[in-house]
1. HN-Hα J couplings of the stretch 156-164 from phi, Karplus 6.51/-1.76/1.60, θ = phi - 60°, integer Hz, Gly and Pro as x?
2. May I ask you to evaluate 6.51 cos²θ - 1.76 cosθ + 1.60, the Karplus curve with θ = phi - 60°, for each residue of the stretch 140-149 and list the ³J(HN,Hα) values in order in whole Hz, giving x for glycine and proline?
3. Taking the Cα centre as origin and putting +1 on Lys and Arg beta-carbons and -1 on Asp and Glu beta-carbons, what dipole magnitude results for the chain, to the nearest 20 debye?
4. Taking a virtual spin label 7 Å from the Cα of Glu449 along the C-beta vector, which residues in the stretch 358-386 bring their backbone nitrogen under 19 Å of it?
5. Hey, how many Å between the Cα centroid of the stretch 79-102 and the Cα centroid of the stretch 217-283?
6. Write down the percent of antiparallel bridges among all DSSP beta bridges whose residues are both part of the stretch 272-456, to the nearest 5.
7. I'd like the carbon and sulfur percentage of the solvent accessible area for the chain, probe radius 1.4 Å, heavy atoms only, ligands and nucleic acids excluded.
8. If a cysteine in the chain has no other Cys Cβ under 4.7 Å from its own Cβ, put it on the list, ordered by number.
Amino acid sequence: MLSPEVTPFKKVGGLGDAVSALSKYLATRGHDVRILMPKYSDMHDFDDVEPLEGPLIVRLGGQEAYSRLWRKNLPGSFADCYFIEHNQYFGASDPYLGPSGKEGDNGERFTFFSRASIDFCEHIDWIPDIVHCHDWTCALTPVYLNTTETNRPMGRVASVFSIHNLEHQGRFHKSLLSFSGLPELTFRTDGLESMGDLNMLKGALYHSTKISTVSPTYAEEIQTIEGGHGLHQVLQFRASDLTGVLNGVDLEEWNPLKDPDIPQFFGVDDMAGKVLAKSALQEAYGLEVDPKIPLFTVVSRFAGQKGLDLLASIGDRLMTEMRIQVAILGSGDVSLEESFQRLNSSYPLGFGSYIGFKNELAHLTIAGGDCFIMPSRFEPCGLAQMYAMIYGSVPLVRATGGLVDTVKQFQEGRGIGTGFLFDAPTGEALYETISRACATYYNSFVEFEQLQKNGMLGDYSWDASALKYEEIYTSAIEARSDTPF
Ligand code: ADP
Ligand code: GLC
């Protein structure tokens, strides 16, 4: 597994959770799973790492880059995580912004990561059956495997490329090609070239043995002009090798029956702990502590994808026209941070906001809310809405991507559904959905409880999805062994 984020060591969003949980699950099923990620300046759980014999020497741009390697067991699993330390590239805390602070330098940083991933396998004398690459930062690995490596030890290794988010593609100036050491022939329309630039992800879409993405609906959406971020034709071309596999949840981490970050454990048969979590949450955000007011929460990156501007645009109306509370945890877009802080100052007892990244507070915010809002413009899978359902927090989501595949529309009077879905990406549609949820809460609490229970009883495990990955791996190995070189 190659990933720029792996929970618990480094997490920016769901990518870290997904890679970690899939690796754990596959290792439990007997696979020899080894993860490689960069070592950043600040990491979680990085004690007791074991140094590997080194250094690892990576040749790029006519120079030799020396790096150190470390290893540690992925906590709670049979999988191993390896860390590559190269401070010039990864000596900052943010995976997506190196020490220079310039996004333009990401081209070299992640070319290094991709190249190093292959040299690393040779260095530890371990030739895997599959290299599973997650998102654009390791997208050059399949391109190397198909070109520079063909007569080398890694040349027969099959690659699977998983798209967690097609918006980020790793586009850089063409000059990166000579730094990478990849042959000129890779820089073509059916390869790395995209409107004169070098597009790492596009290269992976052509060069990977198989491609997956993180939900069936997103697999369809990315083959359309509206959802393809400019790459829909490539994805149509590779449609027979593309599968949408829904992410599962790490139920050791996200489980109200054993979560250390909530005041008291709870489950579908005993919801007393949920009531305590709600008051703890209200206290944490400085809201009026009252179990009867419906509390809507958000835990999210503030990125355009997440559609939180819709919520900001109706914040005043929600606070003046409805009897509800809102608690938001997140950071990112500065104008959204300011909007939520302004709402917090205007309505301190009704609208809470915490700007920052805090894992324990994320658990409490998801556990203690009655409803969870995710108005995403697009959402490849989305894990937060699944976490919400597990904790009996009813999701309000826009009908897109993995949100469609995981949340079932509530049908009033029939006891069916797990949440509320809406279509239009507008503040008005979100407002109407919040009032619908609010009406169910105030006028038909028994139905609201049914919704909570339906969500809590869902299957969010990796059981089915890990089997699908095994199928993808098997077909990738077969396809690779049939490839003439
Ligand atoms: P994405 O990967 O697009 O950010 P997901 O729903 O897949 O969306 O995953 C988001 C993950 O990041 C969840 O585990 C969520 O709890 C976590 N998260 C997002 N923002 C924060 C934050 N400010 N503090 C703590 N955890 C956060
Ligand atoms: C990305 C997507 C999110 C998905 C996560 C894990 O960050 O935005 O929808 O859940 O990856 O696959």
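1. Per-residue couplings from phi come out as 9, 6, 7, 10, 10, 10, 9, 8, 9 Hz.
2. So the Karplus estimates, Gly and Pro as x, are 7, 4, x, 6, 4, 4, 7, 10, 4, 9 Hz.
3. Values: 39 positive and 63 negative charges, 83 e Å.
Once rounded to the nearest 20, the dipole reads 400 debye.
4. Under cut-off, by backbone N: 368-371.
5. Result: 26 Å between the Cα centres.
6. On the way: 1 of 24 bridges.
Counting only bridges with both partners in the stretch 272-456, antiparallel ones make up about 5 percent.
7. On the way: 9760 of 19250 Å².
Ligands and nucleic acids excluded, carbon and sulfur give 51 percent.
8. Cysteines of the chain left without a disulfide-compatible partner: Cys81, Cys121, Cys371, Cys381, Cys438.
The values are calculated or read from the model by the stated rules, or taken from the named source; none is laboratory data. Quick caveat, the model's predicted, so the values are computed rather than measured. For neighbour counting, all protein chains shown are included, and Cβ atoms are generated from backbone atoms with ideal geometry for every residue, glycine included. What goes into the accessible areas is simple: the full protein's heavy atoms, side chains included, and nothing from ligands, DNA or RNA. Shrake-Rupley method; radii C 1.70, N 1.55, O 1.52, S 1.80 Å.
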